[in-house]
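Participant: Following this message is one structure expressed as structure tokens.
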Amino acid sequence: MKKIIASALVLSTLIGGGHAAEAKSQPTCKIEKSVDHKFPNIKNQKTIDALKHLTYKYKGVGIGTTYAEVLKKLGAPETISYSTSEAGKEVTAQFGSVMISAINQTGKGGYNQAKVYSLEFINQGDQRTTRDDIKAMLGKPTDTMKEKYSLLEVYNDFSISYKIINKRSEIIEMAMTDLSKINSKYKENNTSRIKNQKPHKFTAKELLAIRDGSIISMA
């Protein structure tokens, strides 16, 4: 099933001007061997509240953590992508079930100084959590998008994707994203076709369009 939570790699391509960075700009800090990274257990109110308020830490990594610290805490990534654009230097790396996206918008330093703006968690069979297990703790979503076999629910900066099997909704992905960073990426890129330069609240439909590589026009 195709992913429907916005990924940083697609975002960096969408905003234009992204290209592979020179090797000399890539992180060179010493990193430890990769460790096992699994989908978090979110069957408790404290964890859900932290995810919704962007304060959740995965093994010490959260919104605002530098990429250099990510490597120290999580070890070597399984996959990694570097890109640059007018918005800044961006790195996207996957550590098992966890996808980290970070961007350096200061104009100084390199990828090691990039700060995490998104943590995406991919359920690779680590646990079977259904919507019924957590819906009371989540509260009312700010937006939803339902298809025949999938459901995306958005809670401002936090989103959850479910697969629907026999009327049972099981979590396949969830993401905690500082959307203000995404908005600033669009604002700073002069090649963007987005019309609205004010901070924009992304809907479930727009997040899906970003994931699919569509250009969003915000009136």
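The values are calculated or read from the model by the stated rules, or taken from the named source; none is laboratory data. On a predicted model such as this, the values are computed, not experimentally measured, just so you know. Ideal geometry is used to build each Cβ from the backbone, glycine not excepted, and the neighbour counts take in all protein chains shown. Side chains are part of the model used for accessible areas, which takes the heavy atoms of the whole protein and leaves out ligands, DNA and RNA. Shrake-Rupley method; radii C 1.70, N 1.55, O 1.52, S 1.80 Å.
Participant: Hey, residue 154 hits all of (1) farther than 25 Å from residue 70 by Cα; (2) modelled with pLDDT of 90 or more; (3) open to solvent by 10 Å² or more (accessible area, probe 1.4 Å) but one; which does it fall short on?
Facilitator: (3) is the only condition that residue 154 fails.
Participant: Given the criteria free of Cβ contacts under 8 Å to residues at least 60 places away in the same chain, open to solvent by 40 Å² or more (accessible area, probe 1.4 Å) and among the β-branched types (Val, Ile, Thr), does residue 142 qualify?
Facilitator: Numbers: free of Cβ contacts under 8 Å to residues at least 60 places away in the same chain: yes; open to solvent by 40 Å² or more (accessible area, probe 1.4 Å): yes; among the β-branched types (Val, Ile, Thr): yes.
Judged against the criteria, residue 142 is a match.
Participant: Enumerate the helices (runs of 4 or more DSSP H) found wholly within segment 5-90, keeping only those where 2 or more residues are open to solvent by less than 30 Å² (accessible area, probe 1.4 Å), modelled with pLDDT of 90 or more and closer than 30 Å to residue 147 by Cα. Let's see the steps before the verdict.
Facilitator: Working: elements: 8-14, 45-52, 67-74.
Once the helices (runs of 4 or more DSSP H) in segment 5-90 are filtered for at least 2 residues that are open to solvent by less than 30 Å² (accessible area, probe 1.4 Å), modelled with pLDDT of 90 or more and closer than 30 Å to residue 147 by Cα, what remains is 45-52.
Participant: Mind counting the residues in segment 116-160 that are within 24 Å of residue 60 (Cα to Cα) and of a type in the set (Ser, Thr, Tyr)?
Facilitator: Matching residues across segment 116-160 total 5.
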